[in-house]
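Take a look at the structure set out below.
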Amino acid sequence: MTGLLITLGKILAVFTVTMLTVAYLTLLERKVCAYIQLRKGPNRVGPWGLFQPIADGLKFVFKEDFVPAGANRALHAVAPVLAMAPALTTCAVIPFGSTLPMFGGEVNMIIADLSIGVLFVFAIGSLSVYGLITGGWASNNKYALFGALRAGAQMISYEITLGLAIIPIIMATGSLRLSDIVAYQGAHPWFMIVQPLGFLLFVVASFAETNRLPFDIPEAEPELVAGYHTEYSSMKFAGFYMGEYAAMITAAALIVTLFCGGYHLPWLENLNFFKEHATLLGLLHIGTFLAKMGICLFGFIWVRWSLPRFRYDQLMKLGWKVLLPLGLINILIYGLFTLKDSI
Amino acid sequence: METVLFYLFAALTLASGLMVITRRNPVASALYLVLCFFGLAGIYVLMDAYFLAAIQIAVYAGAIMVLFLFVIMLLRLEPTELPSFMNSWSKRLYVAVTLVLGGVFLGLDLMRTVNTGADSALTGEAGAIADRLFNRYLLPFEVTALLLLVAIVGAVVMARRESPKPTASMEEV
């Protein structure tokens, strides 16, 4: 019974933190964008514009919910949910901390420590394209359909790179469990340092999977009005928006977990002080994980406002003719290194 | 708890499977097929075949069905262009064949006295499946891979059109 309550508590905590981060990520995006463009950004609602996300949310609720003529009403309504659900589901297998002593025992800071954690992330992540495809198709709008088709092609292409980039990690750790991968990086150098090529491939493919600039061609404003969500308004539009930011958070959490040592903080966590205070160590781990994720998310925003958009054919060329072969070569190189070590 | 979940997933699989063949809108059919795959994956999880469940979602729901939807949307099939399943004469044939085959399979299943159970390699960790695939069944596995490669090459060759030779009229322009 206590176990069930603890799990429910963890789900509630992760969900709340993720949704709050989604809300404030929109503010951070506008602030960072403004500072990059030498502006101030939102600064009227509350100090430093801190209440802006709340104002935005209220505005979305009171907007007219418009469904275009000839649209498939059921799919039009389901699509934003389909866009948001996969990103939130993936959070369940991410280890966001080590353990915290609570209720007379050690509580693992992960909702579900699956033995196939990595595969689960990829399986659920591959579903995020359905929201975009059904939304674009159900709108009965040619620009939306174009956006949907582009999203489908792009996501399938870059998923392969995403998968290939982490195979060397699985070869090194010999486990698909995310907590094992984090534990391995606690004892060895981070994968970011030992596998720079894999890290680069994974980050680039993550940008494409989350439809962020320079790869946001499914919603490219100058060509497709707004792409797959052209015909969306009110909370349904907000659903797509929140889905995009939730996917960003998941991608950042994955980059941290797989390549940047997860919740580990080298040297500092081995101090004698933390050996005596288990609670403080647990909190330090959670804080480290959140801080690393914050840096990643800032990187996502920074890149968006610094780089121009790829053209559609360039994107496909990059995916299939550059990243895919590089991913295979990366596996080959790492395989040869392992072979050399074992002889 | 497990029995309840089994019936839940089984009902989901069967119900969405029924929707796949009765919907007249091809996009709706495809989406119900995705739901059907989800039900199957749930049943795999109940059998402790986690790896199989994840692969089921990643490959079938995440990749193959996306391509299906892609093609359906590009063709822009209107519901009216498809012959209505519910009104056609072939409906009776379909139902008859399904009932006969279902009866045969049910009979075979009832006659089987010894429950062989699932292959233990299919349940649990990915390592057990990898061990079977790359040791005992290495040759069939590689041959299947080669077969898929041949199919891909064949599809590319068939889909490829000869690049149009510049004709006189085009050169004039």
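Report yes if some residue within the range A:119-139 is within 23 Å of the chain's Cα centre (by Cα), more than 30 Å from A:MET235 (Cα to Cα) and within 13 Å of another protein chain (Cβ to nearest Cβ); otherwise report no. There is at least one residue in the range A:119-139 that is within 23 Å of the chain's Cα centre (by Cα), more than 30 Å from A:MET235 (Cα to Cα) and within 13 Å of another protein chain (Cβ to nearest Cβ).
Taking A:ALA144 as the residue in question, decide whether it is more than 23 Å from the chain's Cα centre (by Cα) and either within 8 Å of chain B (Cβ to nearest Cβ) or surrounded by 24 or more Cβ atoms within 10 Å (Cβ to Cβ) (or both). Considered against the rule, which asks whether it is more than 23 Å from the chain's Cα centre (by Cα) and either within 8 Å of chain B (Cβ to nearest Cβ) or surrounded by 24 or more Cβ atoms within 10 Å (Cβ to Cβ) (or both), A:ALA144 comes out as yes.
Cβ separations smaller than 8 Å between residues 6+ apart or across chains give no pair from the range B:88-109 residues that are in a helix (DSSP H, G or I) to residues that are surrounded by 10 or more Cβ atoms within 10 Å (Cβ to Cβ) and at pLDDT 75 or above. Residues in the range A:261-279 that are assigned to a loop (DSSP other than H, G, I, E, B) and open to solvent by less than 70 Å² (accessible area, probe 1.4 Å): A:GLY261, A:GLY262, A:TYR263, A:HIS264, A:LEU265, A:PRO266.
Considering A:ALA23, A:ALA74, A:ALA87, the condition of being closer than 30 Å to A:ALA151 by Cα, over 22 Å from the mean Cα position of the chain (by Cα) and part of a helix (DSSP H, G or I) is satisfied by A:ALA74 alone. Quick test for you: out of A:ILE116, A:ILE11, A:ILE94, pick the one residue that is closer than 30 Å to B:VAL59 by Cβ and open to solvent by 50 Å² or more (accessible area, probe 1.4 Å). On inspection, the qualifying residue turns out to be A:ILE11.
Scan the range B:43-71 residue by residue and report those that are facing another protein chain (nearest Cβ under 7 Å) and over 15 Å from the mean Cα position of the chain (by Cα). Passing the criteria: B:TYR50, B:PHE51, B:PHE70.
Rundown of residues vs (1) in a loop (DSSP other than H, G, I, E, B); (2) modelled with pLDDT of 85 or more, yes/no style:
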site	(1), (2)
B:ALA10	no, yes
B:LEU33	no, yes
B:CYS36	no, yes
B:LEU40	no, yes
B:ALA53	no, yes
B:TYR60	no, yes
B:LEU67	no, no
B:LEU77	yes, no
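How many residues does the range A:14-33 contain that are open to solvent by 50 Å² or more (accessible area, probe 1.4 Å) and closer than 11 Å to A:ILE301 by Cα? Residues that pass the stated criteria total 2. Residues that are under 12 Å from A:GLU209 (Cβ atoms), part of a helix (DSSP H, G or I), among the β-branched types (Val, Ile, Thr) and modelled with pLDDT under 85 do occur in the range A:149-162, at least one of them.
Looking across the range A:39-54, just one residue is surrounded by 14 or more Cβ atoms within 10 Å (Cβ to Cβ) and of a type in the set (A, V, I, L, M), and that is A:VAL45. When A:TYR241 is tested against the conditions (1) surrounded by fewer than 21 Cβ atoms within 10 Å (Cβ to Cβ); (2) not in a helix (DSSP H, G or I), the lone failure is (2). If the condition is being open to solvent by 20 Å² or more (accessible area, probe 1.4 Å), of a type outside the set (A, V, I, L, M, F, W, C), in a helix (DSSP H, G or I) and in contact with a helix residue (DSSP H, G or I) (Cβ under 6 Å, 6 or more places away or on another chain), then the range A:164-194 contributes A:THR173, A:ASP180, A:TYR184.
A quick yes/no check of all residues on (1) of a type in the set (A, V, I, L, M); (2) at pLDDT 80 or above:
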site: A:TRP48; (1), (2): no, yes
site: A:LYS63; (1), (2): no, yes
site: A:VAL67; (1), (2): yes, no
site: A:VAL78; (1), (2): yes, yes
site: A:ALA83; (1), (2): yes, yes
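The values are calculated or read from the model by the stated rules, or taken from the named source; none is laboratory data. In this text, all values refer to a predicted model and were calculated from it rather than measured experimentally. Please note: Cβ atoms are built from the backbone with ideal geometry, for glycine as well, and neighbour counts cover all protein chains shown. Ligands, DNA and RNA are excluded from the accessible area calculation, which covers all protein heavy atoms including side chains. Shrake-Rupley method; radii C 1.70, N 1.55, O 1.52, S 1.80 Å.
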